[in-house]
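Only the coordinates and a few stated rules stand behind these numbers; no lab work does. As the structure is a computational prediction, the values presented were derived from the model and not from experiment. Quick reminder, even Gly has a Cβ in these numbers, built from the backbone with ideal geometry, and neighbours come from all protein chains shown.
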Amino acid sequence: MGSMVKWHWVSSALCLAGLLLFAITGITLNHAQSIEAKPRTVTIEKVIPEALLEQLAAVETEQPPEILPREMVNWARQELRLNLANKQAEWSDFDIYFSLPKPGGDAWLSIDRYTGEVIYEDTSRGTIAYLNDLHKGRHTGLVWQWFLDIFAVACVIFSVTGLLLLHKFARNRWSTWPLVSLGVVLPAVLLLLFTHG
């Protein structure tokens, strides 16, 4: 009994922030059509140094590297405040293109292999879009996906230990099982009656 209570409160503590985030973003996702997003786009245009341009010009498009040379990555970090380390690019005869999706927005970078012109465009759709993408795990990376999996396991432990504690103390509270049954049956009924497809 004591260990079950401990599992329950530890899992609830771990789930607290995540449950609040997912409950709030569940509402914002459910009403996404009525929440107006105002995208903000920033475009930066630069020209890479001649030495870097010569490096890029020497790369064969038939067998291009998956990532940029380290010097080019350092230049992008300094000039654009953009981390291109280990980012895969699409190489063609005339340019190098990066698709850089992110939570709550999108970005892309194009490098002209002949002129050295660099165009970087970053679009942000706002805080709500950012939080909604965190909810969905969209463009969030491996670490956030691990967090979502661990959070889901903690929620399962929280729910199961809560159910076991309800069973333990149900005899003193007559409304326990009617409420638990309602929590199970109501979503099923709503799905059967009002959800089409």
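In the chain, the calculated helix contribution to ellipticity at 222 nm averages -18000 deg cm²/dmol per residue, counting -39,500 (n - 2.57) for every DSSP H run with n ≥ 4. Within the chain, the whole DSSP H helices whose Cα atoms reach 24 Å or more along their own axis and whose mean Kyte-Doolittle score is at least 1.6 are 142-169, 176-194. Working ranking of peptides 130-142, 177-189 by packing, defined as the average number of other Cβ atoms within 10 Å per residue, highest first, is 130-142, 177-189.
Quick check on packing: order 8-21, 38-51 by the mean number of other C-beta atoms within 10 Å, highest mean leading.
8-21, 38-51
Averaging sequence separations of C-alpha pairs under 8 Å and six or more residues apart, then dividing by the length of the stretch 40-124, give the relative contact order as a whole percent. Result for the stretch 40-124 is 37 percent.
For the chain, lysine pairs with C-alpha atoms less than 25 angstrom apart, excluding pairs fewer than eight positions apart on the same chain, total 8. Peptides 116-124, 165-173 ranked from most to least packed by the mean count of surrounding Cβ atoms within 10 Å: 116-124, 165-173. Our note on the geometry: Cα centres of the stretch 1-31 and the stretch 170-194, 20 Å apart. In angstrom, the C-alpha Rg and Dmax of the chain are 25.2, 80. Taking a ≥ b ≥ c as the square roots of the eigenvalues of the alpha-carbon gyration tensor, the stretch 134-197 is classed oblate because a/c is 1.5 or more while a/b is no larger than b/c.
If each residue's Cβ is checked for other Cβ atoms within 10 Å, how do Thr127, Thr195 rank with the fewest at the top? Could the numbers behind the result be given before it?
Working: Thr127 11, Thr195 8.
Lowest to highest Cβ neighbour count: Thr195, Thr127.
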